[in-house]
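Shown next, in structure tokens, is the structure this report addresses.
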Amino acid sequence: MAFTYSGNPAANPIDLLRFLIGDTATGVALLGDQEILYLIATHGTAQAAVIPALRAMLRLCLHDTIVGADGITKDLRWRQDALKDQLREAEREQAYLALPAWGGTSKALRDARREETDYLQPAFTTPATARQRTLDDVEDWD
């Protein structure tokens, strides 16, 4: 298992993902460079690969011990709880970032929709919304 970490997350995507998941120590690293490159290629960015990488690390720790490429057996039970907490925190953070901005739409999205000629305004109303508001009804927030 090849392991590289320069200590600078801005240096390359491997270092960034290692920094984000905390897999930076040479002696106890769980993921190899090839596995990290695969996760980044599969998910697009290092940030998007954080949760899958943490899940992969947790699965490795569930075996209680692992024999490294150097032949040394490592006890991984102590990392299970820490990885579970880190995974929960990453999932919570990702769910928070996926929420829309207050008001349901951003000014940039509203302006982009105004410029897009193919965007259709909703043509329906419900009893709860007797007067359907359009994007043109909203004042600029500048």
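No value in this document is a laboratory result; all are computed from the given coordinates. Owing to the predicted nature of the structure, the values given are computational and were not obtained by experimental measurement. As a convention, Cβ positions derive from the backbone with ideal geometry for all residues, glycine included, and neighbour counts pool all protein chains shown.
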Calc'd 3J(HN,Hα), the range 9-17, phi into Karplus 6.51 cos²θ - 1.76 cosθ + 1.60 (θ = phi - 60°), Hz, glycine/Pro = x, comes to x, 7, 5, 6, x, 5, 5, 5, 5
Mind sorting Glu89, Glu35 by how few other Cβ atoms lie within 10 Å of their own Cβ, fewest first? Glu89, Glu35
Within 10 Å of each residue's Cβ, count the other Cβ atoms and sort Tyr38, Tyr5 from fewest upward. Tyr38, Tyr5
